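Novice: Below you'll find the structure I mean.
The values are calculated or read from the model by the stated rules, or taken from the named source; none is laboratory data. The structure presented is a predicted model; accordingly, all values stated were derived computationally and were not measured. Ideal geometry is used to build each Cβ from the backbone, glycine not excepted, and the neighbour counts take in all protein chains shown.
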Amino acid sequence: MAVRRLLGYVPQQLSADASLAGRESVALLARVFDVPRRQSAERVG
């Protein structure tokens with residue numbers, strides 16, 4: 001888990017919802033992994 005947080009690893013096949021775009025999936029996972037809101041927009045970008 002720590003490595004995933006450091007790398008920002010998001011596997012495509014494990015998307016929470018197949019209808020989400022890549023950016024939307026990353027934003028959702030940022031919320032799931034408690035990325036602070038101030039950082040999430042920058043990190044998602």
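Novice: Can you go through Val35, Val10 and tell me which one is of a type outside the set (S, T, N, Q), modelled with pLDDT under 80, surrounded by 10 or more Cβ atoms within 10 Å (Cβ to Cβ) and part of a loop (DSSP other than H, G, I, E, B)?
Specialist: Sole residue among the options that is of a type outside the set (S, T, N, Q), modelled with pLDDT under 80, surrounded by 10 or more Cβ atoms within 10 Å (Cβ to Cβ) and part of a loop (DSSP other than H, G, I, E, B): Val10.
Novice: How many residues, within the range 17-32, are loosely packed, with under 11 Cβ neighbours inside 10 Å and in contact with a Leu (Cβ under 9 Å, 6 or more places away or on another chain)?
Specialist: Residues in the range 17-32 being loosely packed, with under 11 Cβ neighbours inside 10 Å and in contact with a Leu (Cβ under 9 Å, 6 or more places away or on another chain): 1 in total.
Novice: Moving to a separate point now. Among all residue pairs at least 6 apart or on different chains, which show Cβ distances below 6 Å where the first residue, located in the range 17-36, is in contact (Cβ under 8 Å) with a residue 12 or more places away in the chain and more than 15 Å from Leu6 (Cβ to Cβ) and the second is surrounded by 10 or more Cβ atoms within 10 Å (Cβ to Cβ) and among the hydroxyl-bearing types (Ser, Thr, Tyr)?
Specialist: Pairs that qualify, where the first residue is in contact (Cβ under 8 Å) with a residue 12 or more places away in the chain and more than 15 Å from Leu6 (Cβ to Cβ) and the partner is surrounded by 10 or more Cβ atoms within 10 Å (Cβ to Cβ) and among the hydroxyl-bearing types (Ser, Thr, Tyr), are Ser25/Ser15.
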